[in-house]
Each structure stands twice: as C-alpha cells, then as structure tokens.
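The values are calculated or read from the model by the stated rules, or taken from the named source; none is laboratory data. Quick caveat: nothing in here was measured; it's all calculated off a predicted structure. Glycine also receives a Cβ, built like all others from the backbone with ideal geometry; neighbour counts cover every protein chain displayed. Surface accessibility is based on the protein's heavy atoms, side chains included, excluding ligands, DNA and RNA. Shrake-Rupley method; radii C 1.70, N 1.55, O 1.52, S 1.80 Å.
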Amino acid sequence: LAKIVPKPNGNTALYRTIVAGYKYMKQTYKPDMMNSILLLTDGMNDEGSPGAGPTLKATLATLAKLSDPQRPIQVIMIGFGKGVDPKELNAIAGVTQGGAYVAYTPQQVQDIFLQAISKRICAPKCSN
C-alpha cells in the first residue's frame, strides 16, 4: 500500500479490471482457500473514450456467466472519495456475493477494511 500512488487525472478501467481479476482467480482457484478479490478504487469506470471498455451491464452479465456457486470468488471493493458510485459497486458485489464499501476519510479505511475482511469469513452465505 505504501507504494500506491494516486493518478488524479488518470483513467480507470474499473469494469475491465474486475473481469480480468475474476478470470484470473477462476483459473487459479484454490478449493482449500477463501478465493476473493480486494479492489481499491476511486469508484468510477473511466477508460477515456466512450466504448473503450465494457459497460456495467456487460460486466454484470460476464460475472454472472463466470460465477460458479461451487467455486465462489467474492469481489470486495473499497471505494475512496466523493466520486464513488455505491450503486455500481453494490451491483458488482451482489453478483459475486462480495461487498462494496465507501471511505470518505482516511480514518474510515481501517473500519471498512475489517468489514471487508469479515465478508470473507462467511462466504459464500453472507448476509448484507
């Protein structure tokens, strides 16, 4: 985390990144482990030009198609800042039985991180 440097004007391929991460986890699935993706994000899908990447609808459809209840992979996302769209993050989390959290201040990060990690313990039968 100490090496993460924010790109204030950079594009974020949020949907493309989630799908790529999910595919990777599916290929490297370990049945004796909790398989999950922890994604830290500004919460906005912004690949630059329109049509450059998948839409939210396409991302949700892809995740639904890839998901396997016998081999669950949770997507747990922590969005930082005021630009986060919790509806989008919650939609993605819902398809993967994961979780979506928003931190508006640095002080909230620790509590949210603990909530996100606890989501792994109850998988795949978590309640929100």
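Quickly run through region 25-83 and pick out the residues that are touching an Asp or Glu at 6+ places or on another chain (Cβ under 7 Å), open to solvent by less than 80 Å² (accessible area, probe 1.4 Å) and touching a residue at least 40 places away in the same chain (Cβ under 8 Å). Result: GLY43, GLY53, LEU56, PHE80, GLY83.
How many of the residues in region 61-94 are farther than 18 Å from LEU40 by Cα and aliphatic (A, V, I, L, M)?
4
Looking across THR96, THR105, one residue alone is polar (S, T, N, Q) and modelled with pLDDT of 85 or more. It is THR96. Report whether or not VAL95 is within 24 Å of PRO31 (Cα to Cα), without any contact (Cβ under 8 Å) to a residue 40 or more places away in the chain and among the β-branched types (Val, Ile, Thr). For VAL95, the condition - within 24 Å of PRO31 (Cα to Cα), without any contact (Cβ under 8 Å) to a residue 40 or more places away in the chain and among the β-branched types (Val, Ile, Thr) - is met. Condition first: over 11 Å from the mean Cα position of the chain (by Cα), at pLDDT 80 or above and in a strand (DSSP E or B). Can you find one or more residues in region 68-87 that meet it? Yes: region 68-87 contains one or more residues that are over 11 Å from the mean Cα position of the chain (by Cα), at pLDDT 80 or above and in a strand (DSSP E or B). Within region 23-57, being within 15 Å of the chain's Cα centre (by Cα) and small (Gly, Ala, Ser) holds for SER36, GLY43.
Determine, yes or no, whether GLN107 is open to solvent by 30 Å² or more (accessible area, probe 1.4 Å) and of a type outside the set (Asp, Glu). Don't jump to the end; show me each part of the working.
Numbers: open to solvent by 30 Å² or more (accessible area, probe 1.4 Å): yes; of a type outside the set (Asp, Glu): yes.
Considered against the rule, which asks whether it is open to solvent by 30 Å² or more (accessible area, probe 1.4 Å) and of a type outside the set (Asp, Glu), GLN107 comes out as yes.
Residues in region 1-51 that are assigned to a loop (DSSP other than H, G, I, E, B) and modelled with pLDDT of 85 or more: 9 in all.
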